[in-house]
1. Given 216, 164, which one is in the same structural domain as residue 111 (by TED's automatic domain parsing), at pLDDT 95 or above and among the basic types (Lys, Arg)?
2. Quick one: which of 149, 174 is more than 16 Å from residue 6 (Cβ to Cβ), assigned to a helix (DSSP H, G or I) and at pLDDT below 95?
3. Do we find that residue 101 is assigned to a loop (DSSP other than H, G, I, E, B), surrounded by fewer than 19 Cβ atoms within 10 Å (Cβ to Cβ), touching a helix residue (DSSP H, G or I) at 6+ places or on another chain (Cβ under 9 Å) and modelled with pLDDT under 90 in this structure?
4. For region 174-199, give me the residue count where each residue is more than 17 Å from residue 223 (Cβ to Cβ) and hydroxyl-bearing (Ser, Thr, Tyr).
5. Which of the residues belonging to region 9-41 are assigned to a helix (DSSP H, G or I), touching a Lys or Arg at 6+ places or on another chain (Cβ under 8 Å) and of a type outside the set (Val, Ile, Thr)?
6. List pairs: first in region 176-191 and within 18 Å of residue 212 (Cβ to Cβ), second modelled with pLDDT under 95 and among the aromatic types (Phe, Trp, Tyr), Cβ under 8 Å, 6+ apart or cross-chain?
7. I need the full set of residues from region 89-121 which are among the basic types (Lys, Arg), touching a residue at least 60 places away in the same chain (Cβ under 8 Å) and closer than 22 Å to residue 30 by Cβ, in order please.
8. Taking region 59-73 as the search range and keeping residues that are among the aliphatic types (A, V, I, L, M) and under 21 Å from the mean Cα position of the chain (by Cα), which one is surrounded by the most Cβ atoms within 10 Å (Cβ to Cβ)?
Amino acid sequence: MKCCLLYCYLYPEDYCIPKKRLVEYWFCEGLLNKFDRISEAQMQGGDIISSFLNACLLERDGEDCVKMLDVIRDMGLWITRELEATENIFFFANAGAQLFEKPDAKEWESAKRMSVMKNKIKVLKETPKCPRLRILFLSENEFQVISDGFFQFIPHLTVLDLSRNKELRALLDGISQLVSLECFDLSFTGIEELPIELKSWTKLKMLDLSCMDNLRKIPQHLICSFSKLQIFRMHLIDYPNEDNVLKGGNEKLI
């Protein structure tokens, strides 16, 4: 449960954290008793969130969200340092820090969970070597370019959140090297096309393509190649491209 709580530490201060998404991330990382099905994990995830609320570790923010109290965030910083010392689990959280450039690549090398969400970063051009990184939150930045080699040496990445980067128009082929990926959030981005090379993501369990107004092409048979996919979100629009599952409705998605 400690690692579940520390997920909230990856979000900015006073951030409204969707409970449903939190449980999905826990599920994809295997924090919920190694359940095979999200339907089985949701009940345990809900119970964990309720226990955090009852213990005043989190507070409600409307019906569907929670927030981490400031004093608990301070405690979370202490817990992360304890985990670094005793269990060799490193957290790197610079969420909401008004960064214009990403942190130096060397700062990533030991991290297992990392967040630079809700900043003003526009470019990711380096090739960081992150052999232990499993969780990476890059959402709510101003990305225009992510280099083809950026994901080359992050072999164990499980959760990648690129959501709400509206200026991001393309996914380069290098992202297909994330063969351990289980959770991928592209919602509210400007991505126009999904590359067929994503077929290499055989472990993918969650894919969110919600509110992608510029999305014009998903290659046929791509979605059905994700044999472990359990959570799939998308707003369908009909487009004319023949090699495109967006033409013709839901039947071509599976």
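1. Of the residues listed, the single one that is in the same structural domain as residue 111 (by TED's automatic domain parsing), at pLDDT 95 or above and among the basic types (Lys, Arg) is 164.
2. 174
3. No, not satisfied.
4. Qualifying residue count, region 174-199: 2.
5. Listed by number, the residues that qualify are 9, 10, 27, 28, 29.
6. Hits for this filter: 183/25.
7. 113
8. Per the criteria, the residue is 68.
The values are calculated or read from the model by the stated rules, or taken from the named source; none is laboratory data. Please read these numbers as outputs of a predicted model, since none were measured by experiment. Methodologically, a virtual Cβ is constructed for each residue, glycine included, from the backbone with ideal geometry; neighbour enumeration extends over all protein chains shown.
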